[in-house]
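A.B. asks: Please see the structure below; I have some questions.
The values are calculated or read from the model by the stated rules, or taken from the named source; none is laboratory data. Source: prediction; values computed, not measured. Here the Cβ positions follow ideal geometry from the backbone for every residue, glycine too, while neighbour counts run over all protein chains shown.
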């Protein structure tokens, strides 16, 4: 679902990178849809998705293509099993890390000289829909409990303020999302949360929110919600 919703935005971002790198790595690849998008867009000699979830890796592995592989690894830890990369791609990953600043040196160390780190994170989500606002407020509380930040894109440029990385590009991209598609994505996430008290939702609140999201999956609206994505490119100034 994420890959479907964000594919145009991701492809546009990747289009700003020189093609044909030797090795591209998808950080926190999930089921691998974005990994294959990276491979197709950049035409890397090898593209590898890294994740700690075995179920996701099993799903990704069923659709492996030439030059694409998936490995189990915690991307906050070095060294990577692949060796140093020409391109590291981070999309909607930093909000799930308790201390995203702590991974910056790790990622810098896993880039080849002049390698690129691409970070694509949410800066803002604007909505006029009350159901979506209820969901987003709950998501913000849930991530905050682990030290995460739903809107980490607002400060992601600071990733370059470490030895080994230099920010070479930054832009804010408007990304509208159809109401039905967004509702389906949020509904899946709500299921994954379960009755988590950190979301600040009672059982009845969760039931009501699920019902409201289900109703929105048939909506034809296209202007209820749009995302602002911060796309930043960092360049390695030293090798690994």
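A.B. asks: Would you call residue 237 at pLDDT below 95 and out of contact with any helix residue (DSSP H, G or I) (no Cβ under 7 Å at 6 or more places or on another chain)?
C.D. replies: yes
A.B. asks: Keeping to the stretch 84-125, report how many residues are in contact with a helix residue (DSSP H, G or I) (Cβ under 8 Å, 6 or more places away or on another chain), at pLDDT below 95 and more than 21 Å from residue 53 (Cβ to Cβ).
C.D. replies: Total meeting the criteria: 2.
A.B. asks: Continuing with the same structure: Looking at 142, 188, can you tell me which residue is buried (at least 17 other Cβ atoms within 10 Å of the Cβ) and under 24 Å from residue 98 (Cβ atoms)?
C.D. replies: Being buried (at least 17 other Cβ atoms within 10 Å of the Cβ) and under 24 Å from residue 98 (Cβ atoms) holds for just one of 142, 188, which is 142.
A.B. asks: If you don't mind, another one. Mind listing whichever residues of the stretch 160-171 are under 13 Å from residue 231 (Cα atoms), in contact with a helix residue (DSSP H, G or I) (Cβ under 7 Å, 6 or more places away or on another chain) and either modelled with pLDDT of 95 or more or part of a loop (DSSP other than H, G, I, E, B) (or both)?
C.D. replies: If the condition is that a residue be under 13 Å from residue 231 (Cα atoms), in contact with a helix residue (DSSP H, G or I) (Cβ under 7 Å, 6 or more places away or on another chain) and either modelled with pLDDT of 95 or more or part of a loop (DSSP other than H, G, I, E, B) (or both), then 170 is the only one that fits.
A.B. asks: Right, here's the next one. List the number of the failed condition for residue 147; all other conditions in (1) outside any loop (DSSP other than H, G, I, E, B); (2) under 29 Å from residue 110 (Cβ atoms) hold.
C.D. replies: (1)
Matching residues to (1) assigned to a helix (DSSP H, G or I); (2) more than 18 Å from residue 129 (Cα to Cα); (3) at pLDDT 95 or above; (4) touching a helix residue (DSSP H, G or I) at 6+ places or on another chain (Cβ under 7 Å):
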site	(1), (2), (3), (4)
158	yes, yes, no, no
173	no, yes, yes, yes
186	yes, no, yes, yes
204	yes, yes, yes, no
219	no, no, yes, yes
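A.B. asks: Related question: Mind checking which pairs have a first residue in the stretch 189-211 that is at positive phi and a second that is surrounded by 11 or more Cβ atoms within 10 Å (Cβ to Cβ) and part of a helix (DSSP H, G or I), Cβ under 7 Å, 6 or more apart or different chains?
C.D. replies: Listed by first residue and then by second, the contacts come to 200/138; 200/141.
A.B. asks: Just to be sure, is residue 39 modelled with pLDDT of 95 or more and touching a strand residue (DSSP E or B) at 6+ places or on another chain (Cβ under 7 Å)?
C.D. replies: Here the answer is yes, as residue 39 does meet what is asked.
A.B. asks: Now for a separate question. Applying the selection to the stretch 1-27, what residues are in contact with a helix residue (DSSP H, G or I) (Cβ under 8 Å, 6 or more places away or on another chain), surrounded by fewer than 23 Cβ atoms within 10 Å (Cβ to Cβ) and closer than 18 Å to residue 82 by Cα?
C.D. replies: 20, 21
A.B. asks: Could you give every pair whose Cβ atoms fall below 9 Å, whose first residue belongs to the stretch 29-45 and is without any contact (Cβ under 8 Å) to a residue 12 or more places away in the chain, and whose second residue is part of a helix (DSSP H, G or I), counting only separations of at least 6 or pairs across chains?
C.D. replies: Sorted first by the residue in the stretch 29-45, then by its partner, the pairs are 40/11.
A.B. asks: Looking at (1) within 27 Å of residue 18 (Cβ to Cβ); (2) in contact with a strand residue (DSSP E or B) (Cβ under 9 Å, 6 or more places away or on another chain); (3) surrounded by fewer than 22 Cβ atoms within 10 Å (Cβ to Cβ); (4) touching a residue at least 24 places away in the same chain (Cβ under 8 Å), can you tell me which one residue 71 breaks?
C.D. replies: Residue 71 satisfies all of (1) within 27 Å of residue 18 (Cβ to Cβ); (2) in contact with a strand residue (DSSP E or B) (Cβ under 9 Å, 6 or more places away or on another chain); (3) surrounded by fewer than 22 Cβ atoms within 10 Å (Cβ to Cβ); (4) touching a residue at least 24 places away in the same chain (Cβ under 8 Å) except (4).
A.B. asks: Let me ask something else. Given the criteria surrounded by 18 or more Cβ atoms within 10 Å (Cβ to Cβ) and within 20 Å of the chain's Cα centre (by Cα), does residue 150 qualify?
C.D. replies: So residue 150 passes the test.
Matching residues to (1) touching a strand residue (DSSP E or B) at 6+ places or on another chain (Cβ under 7 Å); (2) buried (at least 18 other Cβ atoms within 10 Å of the Cβ); (3) under 19 Å from residue 119 (Cβ atoms):
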residue: 163; (1), (2), (3): no, no, yes
residue: 179; (1), (2), (3): yes, yes, no
residue: 197; (1), (2), (3): no, no, no
residue: 200; (1), (2), (3): no, no, no
